[in-house]
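Okay, so here's the structure we're looking at.
Just so you know, all these numbers are worked out from the coordinates, no wet-lab data involved. Note that the structure is predicted; figures quoted are calculated from it, not measured. For neighbour counting, all protein chains shown are included, and Cβ atoms are generated from backbone atoms with ideal geometry for every residue, glycine included.
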Amino acid sequence: MAFLELKNVSKGFGRTAVLQDINLSLERGEFVAIVGYSGAGKTTLISLIAGLIQPDTGTLTLNDLEITEPGPDRGVVFQNYSLLPWLSVYENIFLAVDQVFPNWTPAKKQQHVAKYVDLVSLTPARDKKPGELSGGMRQRVSVARALAMEPQILLLDEPLSALDALTRATLQDEIERIWEQDKRTVVLITNDVDEGILLADRIIPLSAGPNATLGPSFKVDLARPRNRKAINHEPRYKEIRRDVIDYLLGAGGKKHTALTKKLILPDLQPEDLSLPRTLNGSPRRPVRRQELKQETVEVDV
Amino acid sequence: MKKFKLDWLVLPLIGIGVVLLLWQISAATWAKELPSPLKTWQVSRPYLAEPFAKRGEMDQGILRFSWYSLILVAKGYALALLIGTPIGFLLGLSKTFAKIFDPIIQILRPVSPLAWLPLGLVLFVGAGRQASELGALFTIAVCSMWPTVLNTSVGVRAIPQDYLNVAKVLKLSRRKTLFKVLIPATLPYMFTGFRLSLGIAWLVIVAAEMLTGRPGVGGFLWQEYNALIYEHIILCIITIGVIGFILDRLMSVVERRFKTA
């Protein structure tokens, strides 16, 4: 039996259906990356798994229990960090630990928080407020907070998309290192195919919205730990990458619509400067006609 | 504008000089009853030189009068915050509550302190000698509550969904959500409300004291008007202004401390 299972899940907002017929099953300890266009409904998908919103149809189960509300068994790392700005790094994580393990002694809680602050290498900044940290550091706090809850599953919603390329690479390595340590089940939502291949066991493309759905899953059978430089030269890496991108650009992305546009083409004729200047100006005035045209354009949505 | 040494001091002094000049000219020309700046200074000196003297019930140093007023304001203001903040939270948290009470609030908000005071006196008529104090407190509280109420409710509504998501994912209890998320997130808005409320409370005190004849800056002002000592009116106006200014500065310092990123 799968650990996390989504069956025929659909979700819409108002009249537009965002996600349709999502089927997904994850084994315990698996790292799955979901790659898709921006606006395809990736965040909606993670909110559904987190229990922050309810599906219109279909069921989500974690460990055979239906997901009906958010809970600390699913640690979420939000795209925009979602740290409380009035609490320090330490306090932000402590709030979560205190909530999830209320029966621990204060000493044990403190030790636990310190361990996770250290895990994301933020011990020197533990008493700083989020406002004093860089984007990468904030996201590390957010990751530490989610991990410190010792959730059964970790949901990462484009955790690195707001960061610059260098910081992103560092954090990718860090996520891989942390995952190697405790092999938690992870769902990573991303718009970066390379990031998915580098980190995940399986990549599943999400087709373009509206009515986005999950495509076939691509197994990433590359040996771990993966080295970002070496991996680039592996033929298998290129193969997976090509397959995923082909799907996203091909079947998953194929949503052509024909738009008919009315175009007004300005048609200016140059002024004839050889004619004498007169007060009423008529012979010199540029002649302007307007041409109306209809054009049909094929657009990828 | 070019900056020069001591411009922070010299420029405001120029402003004060201009006003003093206009005052002097007015006193000398069209407003014959208006005491000149110099005369005001001479007549007011005993009240400034011995600011805490008590020569009689309505003849005390100006700071002693101010102290009475400040105590009354502090009480009324505290009452306003105690009532206004929870109401603001309820308005912000519950749409139904907001729909029920918002029209009433919008109607009561623009009512002048002068209109509330008689009602306050009527309400506490049973309290005997305490009636004027309770009436004044009621007026201050009712008038200065609104900025706190409205700012708090706006602040609660403006809490980013992210923070609420954190509370949901962590399954914080209602109490913890309130104290760990809602209140800290609303604090900057609340303090803006508190600051505006304090300004209004200080405005209302003068009106309340005038009508009740309580000892204080406002009461003194009204008494001296009746006693035809116009210099003291100006002294009172300046005192009220300076104290209001200081209170506002103090609040803005506190407010800045609570501005979270």
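Some points to look at:
- Taken about its Cα centre, the stretch A:68-203 carries a charge dipole of about 480 debye when Lys and Arg each add +1 at the Cβ and Asp and Glu each add -1 at the Cβ.
- Rounded to the nearest 20, the size of the Cβ-charge dipole of the protein assembly as shown about its Cα centre is 960 debye, with Lys and Arg at +1 and Asp and Glu at -1.
- In degrees, nearest ten, helix B:217-226 long axis to first principal axis of chain B (Cα): 40 degrees
- Annotation: the residues B:H232, A:H112, A:H233, sorted from fewest to most other C-beta atoms within 10 Å of their own C-beta, follow the order A:H233, A:H112, B:H232.
- Projecting the Cα atoms of A:L206, B:G15, A:F13 onto the charge dipole of the protein assembly as shown (Cβ charges, centred on the Cα centre) puts B:G15 farthest toward the positive pole.
- Pairs of Lys residues in chain B, spaced 8 or more positions apart or belonging to different chains, with C-alpha separations under 19 angstrom: 4 in total.
- Taking trypsin sites (Lys or Arg not before Pro) across the stretch B:1-79, the ones in a DSSP loop with at most 14 further Cβ atoms lying within 10 angstrom of their Cβ are B:K2, B:K3, B:K5, B:K32.
- Shielding of B:163-176 by partner chains, average beta-carbon count, 10 Å: 6
- Least to most buried among A:S38, B:S36, B:S132 (fewest other Cβ within 10 Å first): A:S38, B:S36, B:S132
- Whichever aspartates and glutamates have a C-alpha closer than 17 Å to that of A:K238, once near sequence neighbours (fewer than 8 apart) are set aside: A:D192, A:D194, A:E195, A:D201, A:D221, A:D246
- Computed over the stretch A:32-128, the Cα gyration tensor eigenvalues convert (square root of 5λ each) into semi-axes of 30, 18, 11 Å, ordered from largest to smallest.
- Helix B:230-257 and the longest principal axis of the Cα set of chain B meet at an angle near 30°.
- Candidates A:I49, A:L222, B:F179 compared by Cα position along the dipole of the protein assembly as shown: farthest toward the positive end lies B:F179, with charges placed on Cβ.
- Put simply, the amide H of A:V77, placed in the peptide plane, has neighbours under 5 Å in A:L155, A:L156, A:D157, leaving out anything fewer than 5 places away on its chain.
- Extents of the protein assembly as shown, taken as max minus min of Cα coordinates on every principal axis and listed largest first, are 100, 98, 53 Å.
- Charge dipole (the stretch A:4-249, unit charges on Cβ, about Cα centre) - positive-most of A:V97, A:I34, A:T68: A:V97
- Neighbour-limited loop hits for trypsin sites (Lys or Arg not before Pro), the stretch A:1-71 (at most 15 other Cβ within 10 Å; DSSP other than H, G, I, E, B): A:R15, A:R28
- Local charge for B:S94 was computed over the other residues whose Cβ lies under 12 Å away, with Lys and Arg +1 and Asp and Glu -1, and equals +2.
- Relative to the longest principal axis of the Cα atoms of chain B, helix B:131-157 runs at roughly 50 degrees.
- Taking other Cβ atoms within 10 Å as a rough exposure proxy, A:K108, A:K128 sort from fewest to most as A:K108, A:K128.
- For the stretch A:1-82, the list of chymotrypsin sites (Phe, Trp or Tyr not before Pro) that fall in a loop by DSSP and count at most 15 other C-beta atoms within 10 angstrom is empty.
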